[in-house]
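Please read the structure below before turning to the comments.
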Amino acid sequence: MITKEQSQKWDNLCLKLLGEPRARFLTSLLYSLKLVWADDIPTAGTNGILLKINPKFFYELSKEERLFVILHELWHVAKLHSIRRESRDPGLWNIACDYHINNLLLKENYSSFKITVMKDCCKDEKYKDLSEEEIYDELVKQYPKGFPGNDFFETNLFGDLKEASPEERSKVVSKVMDATQTARAMGCDVGSGITTLLSKFIKPRINWKKVLSKYMTALFDKSGYSWGKPNRRYSDIYLPSKVDSDGRLTHLLYFLDVSGSIEESQIVRFNSEIKHIKESLNPDKLTLVQFDTRIRRVDVFTSTQKFTNIHVVVGGGTSYTDVRDYILKEKPTASVIFTDLCCTPMQEVDSPVIWVTREEDLKYASMPLFGKTIVIKEKD
């Protein structure tokens, strides 16, 4: 338990965070966690659901150090560290994540308060541009048998990362997704890295091999296409093609609606699906096109490239005019358009198009005039 005075100090710290524009995403996360004051933990820790803090440790710190501890723990949650470890050594993974977070905090320039990184905490500029996984790989080279002993954790803010249980994993993802939505509604940019992270932990709802094969087979059967002989070099999907072709999916255009009417949860869902498309279909060329009233950003992936962090551009209104022009120019094997359909329908193009939207968007939708429409149900 904490005293009334300590409780007031905690409330004041929360208000400071709430008043800082650059910390609103993390503050949204803070209010979603269950705060537990506990003597059974030496410093502080989180599993993405609970935030446990030792009151004696916490209130012996300066105000600037207390702010650092809170932000440090919140970044563990935001970066999904409690569910990203996989088979890695727990101690080294915790340290790798600490290096990543502390380097991130050292670069922050909050306007309404200052933070002080606690002494002896992990910070090293040589890791400043590395991901948590890359830092971990470097640490494994130094400590191939794992980090030497738990005593190191007792005097530092290490050992603060607790593994989320299988039942808690989806709750952690939901908390971070809700916080991104809240921050975006307040006009705060949480960065594309968080959205991309979330998409990796959301199970895709669509069997893209089945959908594309079935839909495009039907289209090409009508237009005189037939199945070409498969080229044994390829292990992924074969689509209908001219007889003299190998039947491979050569160019897939993926359009992502980033208009102001699109919510953060939709962008995360859309990115989950494109990650699945890339991994399961692996076309020769996958072009990701972000649009609102115009084309905002284009990223191209070849079959040998992995789907990496994509910077999501938040736009304004919605128009399919430039989308249609882009399809006509590129002449892809197929196009997939993720949108809330809050727009005047596109005029037909002579190319396979699959529209993807969420069930809750249908009440506002202007249904497509052509192509196949897939509706994602949240309970699917």
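On the given criteria, is Arg88 out of contact with any Ser or Thr (no Cβ under 6 Å at 6 or more places or on another chain), touching a residue at least 40 places away in the same chain (Cβ under 8 Å), in the same structural domain as Tyr136 (by TED's automatic domain parsing) and more than 28 Å from Phe201 (Cβ to Cβ)?
Numbers: out of contact with any Ser or Thr (no Cβ under 6 Å at 6 or more places or on another chain): yes; touching a residue at least 40 places away in the same chain (Cβ under 8 Å): yes; in the same structural domain as Tyr136 (by TED's automatic domain parsing): yes; more than 28 Å from Phe201 (Cβ to Cβ): no.
No: the conditions fail for Arg88.
Identify the residue in region 85-113 that is over 23 Å from Lys16 (Cβ atoms) and of a type in the set (Ser, Thr, Tyr) and, among all such residues, is modelled with the highest pLDDT.
So, considering only residues that are over 23 Å from Lys16 (Cβ atoms) and of a type in the set (Ser, Thr, Tyr), the one modelled with the highest pLDDT is Tyr99.
Among (1) surrounded by fewer than 21 Cβ atoms within 10 Å (Cβ to Cβ); (2) part of a helix (DSSP H, G or I), where does Asn271 come up short?
Unmet for Asn271, out of (1) surrounded by fewer than 21 Cβ atoms within 10 Å (Cβ to Cβ); (2) part of a helix (DSSP H, G or I): (1).
Among the residues of region 290-321, count how many are farther than 27 Å from Gly187 by Cα and either in a loop (DSSP other than H, G, I, E, B) or modelled with pLDDT under 90 (or both).
Within region 290-321, residues that are farther than 27 Å from Gly187 by Cα and either in a loop (DSSP other than H, G, I, E, B) or modelled with pLDDT under 90 (or both) number 5.
Can you name the condition, by its number, that Ile101 falls short on among (1) of a type in the set (Val, Ile, Thr); (2) in a helix (DSSP H, G or I); (3) in contact (Cβ under 8 Å) with a residue 40 or more places away in the chain?
Exception for Ile101: condition (3).
Could you pull out the residue among Arg66, Arg84 that is buried (at least 16 other Cβ atoms within 10 Å of the Cβ) and over 22 Å from Met118 (Cα atoms)? Don't jump to the end; show me each part of the working.
Values: Arg66 fails: over 22 Å from Met118 (Cα atoms).
Result of the check over Arg66, Arg84: Arg84.
Please enumerate the residues belonging to region 322-360 that are at pLDDT 85 or above and farther than 21 Å from Leu286 by Cα.
Of everything in region 322-360, those that are at pLDDT 85 or above and farther than 21 Å from Leu286 by Cα turn out to be Asp340, Leu341, Cys342, Cys343, Thr344, Pro345, Met346, Gln347, Glu348.
Need the failing condition index for Tyr254 against (1) at pLDDT 85 or above; (2) out of contact with any helix residue (DSSP H, G or I) (no Cβ under 6 Å at 6 or more places or on another chain); (3) among the hydroxyl-bearing types (Ser, Thr, Tyr), just the number.
It is condition (2) that Tyr254 fails.
What helices (runs of 4 or more DSSP H), lying completely within region 114-219, carry at least 2 residues that are at pLDDT 80 or above and under 20 Å from the mean Cα position of the chain (by Cα)? Full working, then the answer.
Values: elements: 132-142, 151-154, 166-185, 192-200.
The helices (runs of 4 or more DSSP H) meeting that bar are 132-142, 166-185, 192-200.
Residues being among the β-branched types (Val, Ile, Thr) and more than 23 Å from Ile194 (Cβ to Cβ): count how many of those fall in region 300-347.
Of all residues in region 300-347, those among the β-branched types (Val, Ile, Thr) come to 300, 302, 304, 308, 310, 312-314, 318, 321, 323, 327, 333, 336-337, 339, 344.
If we keep only those that are more than 23 Å from Ile194 (Cβ to Cβ) too, we end up with 300, 302, 304, 318, 321, 323, 327, 333, 336-337, 344.
So the answer is 11.
Results for (1) over 11 Å from Val258 (Cα atoms); (2) loosely packed, with under 15 Cβ neighbours inside 10 Å, shown as yes or no for each residue.
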{"position": "Gln290", "(1), (2)": "no, no"}
{"position": "Arg294", "(1), (2)": "no, yes"}
{"position": "Arg297", "(1), (2)": "no, no"}
{"position": "Val300", "(1), (2)": "yes, yes"}
{"position": "Ser303", "(1), (2)": "yes, no"}
{"position": "Gly315", "(1), (2)": "no, no"}
{"position": "Pro332", "(1), (2)": "yes, no"}
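From the set of residues in region 30-67 that are among the basic types (Lys, Arg) and touching a strand residue (DSSP E or B) at 6+ places or on another chain (Cβ under 7 Å), which is farthest from Ala183 (Cα to Cα)? It would help to see each step written out before you state the result.
Step one: filter region 30-67 for residues among the basic types (Lys, Arg), giving 34, 52, 56, 63, 66.
Among the residues that remain, those that are also touching a strand residue (DSSP E or B) at 6+ places or on another chain (Cβ under 7 Å) are: 34, 52.
On the way: Lys34: 19, Lys52: 24 Å.
Of everything passing the filter in region 30-67, Lys52 is farthest from Ala183 (Cα to Cα).
Give just the number: which of (1) more than 20 Å from Arg184 (Cβ to Cβ); (2) touching a helix residue (DSSP H, G or I) at 6+ places or on another chain (Cβ under 9 Å) does Cys342 not satisfy?
It is condition (1) that Cys342 fails.
Can you find, within region 334-380, the residue that is surrounded by the most Cβ atoms within 10 Å (Cβ to Cβ) among those that are outside any strand (DSSP E or B) and either of a type in the set (Val, Ile, Thr) or within 21 Å of the chain's Cα centre (by Cα) (or both)? Spell out the reasoning first.
First pass over region 334-380, keeping only residues outside any strand (DSSP E or B): 339-352, 359-371, 377-380.
With the extra rule that they be either of a type in the set (Val, Ile, Thr) or within 21 Å of the chain's Cα centre (by Cα) (or both), the set shrinks to 339-340, 344, 349, 377-380.
On the way: Thr339: 27, Asp340: 19, Thr344: 10, Val349: 16, Lys377: 9, Glu378: 10, Lys379: 5, Asp380: 9.
Looking at residues that are outside any strand (DSSP E or B) and either of a type in the set (Val, Ile, Thr) or within 21 Å of the chain's Cα centre (by Cα) (or both), I get Thr339.
The values are calculated or read from the model by the stated rules, or taken from the named source; none is laboratory data. These numbers come from a predicted model, not from an experiment. Here Cβ is always computed from backbone atoms with ideal geometry, including for glycine, and neighbour counts include all displayed protein chains.
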